[in-house]
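Chemist: Take a look at the following structure, please.
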Amino acid sequence: FRNILSRGSGSTIVCVVGGAAEALHASPGRLELHLMQRKGFVRQALIYGASLVPVIGLGENDIWEVYQSGALHSLQLRLQKLLGFAIPVFFGRGVFSYGFGFLPHRRPIDV
């Protein structure tokens, strides 16, 4: 983060602020933002004089289904603490079957 910002103008960083916490709580029809504890990127932008361009995509949670069960969710949370990132179990639609697969559902995303 600092290495790229210290290069000066012309460099771009995409920062997914919600990260692992949002990934594990994603579900269709619901948008849950985790921003209150994620302010370090603003501090870094101020230090290096970088511009912040806020962008939000509405409908991203509708293109995938995230499998959430009690035992699996607690394992995911433990792995998230240990590794620093989440491993969500997700599925979408199939090529010939729309019931299950690993392609995203055909739903709009508004940015």
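The values are calculated or read from the model by the stated rules, or taken from the named source; none is laboratory data. Computed from a predicted structure; not experimentally measured. Ideal geometry is used to build each Cβ from the backbone, glycine not excepted, and the neighbour counts take in all protein chains shown. Protein only, heavy atoms only, side chains kept; ligands, DNA and RNA dropped before computing areas. Shrake-Rupley method; radii C 1.70, N 1.55, O 1.52, S 1.80 Å.
Chemist: Looking at Arg93 and the list (1) within 23 Å of Leu33 (Cβ to Cβ); (2) in contact with a Phe, Trp or Tyr (Cβ under 9 Å, 6 or more places away or on another chain); (3) open to solvent by less than 60 Å² (accessible area, probe 1.4 Å); (4) of a type outside the set (Phe, Trp, Tyr), which single condition is not satisfied?
Modeler: (1)
Table: residues versus (1) assigned to a helix (DSSP H, G or I); (2) modelled with pLDDT of 85 or more.
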site	(1), (2)
Ala20	yes, no
Leu35	no, no
Phe41	yes, yes
Gln44	yes, yes
Ile47	yes, yes
Pro54	no, yes
Ser74	yes, yes
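Chemist: Output the residues belonging to the stretch 1-27 that are over 13 Å from Ala45 (Cβ atoms) and either touching a residue at least 40 places away in the same chain (Cβ under 8 Å) or touching a strand residue (DSSP E or B) at 6+ places or on another chain (Cβ under 9 Å) (or both).
Modeler: Those that are over 13 Å from Ala45 (Cβ atoms) and either touching a residue at least 40 places away in the same chain (Cβ under 8 Å) or touching a strand residue (DSSP E or B) at 6+ places or on another chain (Cβ under 9 Å) (or both): Gly19, Ala20, Ala21, Ala23, Leu24, His25, Ala26, Ser27.
Chemist: On to the next question. From the list Ile87, Ile56, which residue is surrounded by 11 or more Cβ atoms within 10 Å (Cβ to Cβ) and within 17 Å of the chain's Cα centre (by Cα)?
Modeler: Answer to the check: Ile87.
Chemist: Now for a separate question. Criterion first (without any contact (Cβ under 8 Å) to a residue 60 or more places away in the chain and either open to solvent by 40 Å² or more (accessible area, probe 1.4 Å) or acidic (Asp, Glu) (or both)) does Ser51 satisfy it? Give the derivation first.
Modeler: Details: without any contact (Cβ under 8 Å) to a residue 60 or more places away in the chain: yes; either open to solvent by 40 Å² or more (accessible area, probe 1.4 Å) or acidic (Asp, Glu) (or both): yes.
Taking the combined requirement at face value, the residue satisfies it.
Chemist: Further question: For Ala45, all conditions in the list (1) surrounded by fewer than 16 Cβ atoms within 10 Å (Cβ to Cβ); (2) farther than 23 Å from Asp110 by Cα hold save one; what is the number of the exception?
Modeler: Going through the list (1) surrounded by fewer than 16 Cβ atoms within 10 Å (Cβ to Cβ); (2) farther than 23 Å from Asp110 by Cα, Ala45 breaks only (1).
Chemist: Inside the stretch 22-33, can you point out the residues that are open to solvent by less than 50 Å² (accessible area, probe 1.4 Å) and either in a helix (DSSP H, G or I) or at pLDDT 85 or above (or both)?
Modeler: Glu22, Ala23, Leu24
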